[in-house]
Amino acid sequence: MVKLRFHNPLTRMKVKQQLVLLFIVLVSPVFILNWYANVKTEQILKRHVTNAYAELNKQNHLLINRDIDTVHRVMTTIIQNPQVQQMQASEEDVLDRVKLYETTDKLLSTFTMGLSGGGANYYYLFVYDPLNEYNFAPVSNSKYKNGGVFFYSYLYKPSWVDEAIARKGRGYLKIIDGIGIGTNSKTLAYIRAVNSVQSGRAIVGALVATNMDKRIEQSLATVSLPDNGELYFTDSQNMVLASTVPDQMGNTLELPSELAANPDSEGIVDAIEEGFIYVVHSSSELNQKLVYRISTSALLKQQSEVKRAIQWISIAYSLFGLVVMAYFWRSLLTPLQRLAGFVRSYEPGRKVPEEAGHPRNDEVGVLIHSVHNMAHRLNVLIEEQYVMDIKQKESQLKLLYQQINPHLLYNTLESIYWKSTLEGNSDSAEMIKELSKLMRISLSRGRELIAIREETEHAAAYTNLQLKRYEYEFRVQWNMDPDAANALIPKITLQPLIENAILHGVRNMGEDGLILVNSRREGDLVFIQVIDNGYKKVDHEWLNRIIREPRTDSSTGYGIHNVFERIQLHYGSEFGITYSETEGGGTTATIKLPYQENDGETE
């Protein structure tokens, strides 16, 4: 199974890099907080200002509509005047028409309303004269005076007359040219159709009030906005009717897309876009909009002091962080760099220099002292290991000399085996052969772990010697799993178990005695069982307990406790030997081992 290893990126960084990273991590939140505070302050300020100006816009729009309503009421008075109603074309005497014209012309001048800063609202009455009964009066394309009565025919009439008549007496605002002092003047006019009081279908003409743009601008001038603040009074299509910005009348005001998307919206809407705050109060019934356009830079002048204070705090905190970092750099990083240099240059066995600098009682001092002590101890261990290696080589030489004797013994036993065979002593020859095999596998050329098949061969040789030596009549059956034959097992593991089964189980049972030796592989585990059908009562719980307790008696040799300890030393505490009762009577010894393949050196 492949194990995935995840490395912490910090472990690949040097300490000074980590300190720099730590400084950035500590300082970054301050600058992020600085940015966030500025943005949030701007948003809160913009929202509060927007809400305040939304209410102001609504009130200002009401005042403008009151001014327009005032003009509307004046027009109603003019329209209801009997002299105005008599201006409808008739067959009266010329002298009477001249007097009526003169009286009505003077009447209109009395309703002129002056405006602050010069100028006034002038009223013009355009009378429909299809028969040219008032040919003595000025025509509509002549130079206008400040208010008065003019006449028009079907062929020669102002372009806005039909629209006024279509509105049936409802007044409306419209930008028109050629009325006022000079025929090329442009003015915002309030226009109403003049219907006959006696006959509602008859049209007298149209009544016009000029300079409404100046009157509305006079109301707009009373609104106090921040520097560069702009006010626009427009129609529903965003055409400017009046503004605090000069020369804007008749132009189209560009609004943010979210405000321009719904021209028929009603009430207050606002938007913040491209450095401006837009506050719009719309009236779909009157086809009007009042727009406030306020520069955010002018609003944020007061915020600059708060920004400056936050910036100074950020700079002071950053300087403090630099001082703290410099202190730790000198106090921690410099000694650690020296220690790292010592560790890199240190070679085992080389003389360890004395610790440099003043002794420290903190963790860094403990680390430096521990590293130097470890280097001293490592030099001592290297010296001791060197001595042990020399002794080990001497022991290996002795062992090589001692191995000559077992080979001499094997050769001698082999000679005795063949001589006994030639002389006809087959039983003696077989016993000598089994003894030779037993000794050869027991020594196993110094190996501690051998294959199960070798261990089985060793145990079979021992069993055969016992059967022939004491002329026992019990039986031994071997059921060994071929899949487990190459698994490694500590040598001389089965022989003590079989010996116990013989001595304490089947020795005196004759032909009824039976010993089963089974092995099987289960995945990564190998189980070997030595089963006897002995008739004696055995306390298996006591037996399991004593083989696991520490033993101080060395006379047990390769006893069960010795086997149990060797298995655990090789494989761990989860492996070993367990005794249990055999079904039908007797004892079962179960060996649990991990499956490890033979390394090929057991032959």
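FYI, it's all coordinate maths here, none of it is from the lab. These figures come from a predicted structure and were not determined experimentally. Because the Cβ atoms are built from the backbone with ideal geometry, glycine has one as well, and the counts that use them run over all protein chains shown.
Label-to-label distance for T578 and E254 is 8.8 nm, based on points extended 7 Å past Cα in the beta-carbon direction.
State which entries of K99/K157; K491/K536; K157/K186; K174/K214; K99/K174; K214/K289 exceed 21 angstrom in Cα-Cα distance in the structure shown. Long pairs (Cα-Cα over 21 Å): K99/K157; K491/K536; K99/K174. Extending each Cα 7 Å along its Cβ direction at Q237 and I24, get the distance between those two points in nm, one decimal. The two pseudo-label positions are separated by 5.9 nm. Round to a whole angstrom and tell me the spacing of the C-alpha centers of the range 51-94 and the range 187-210. Here the two parts' Cα centres lie 11 Å apart.
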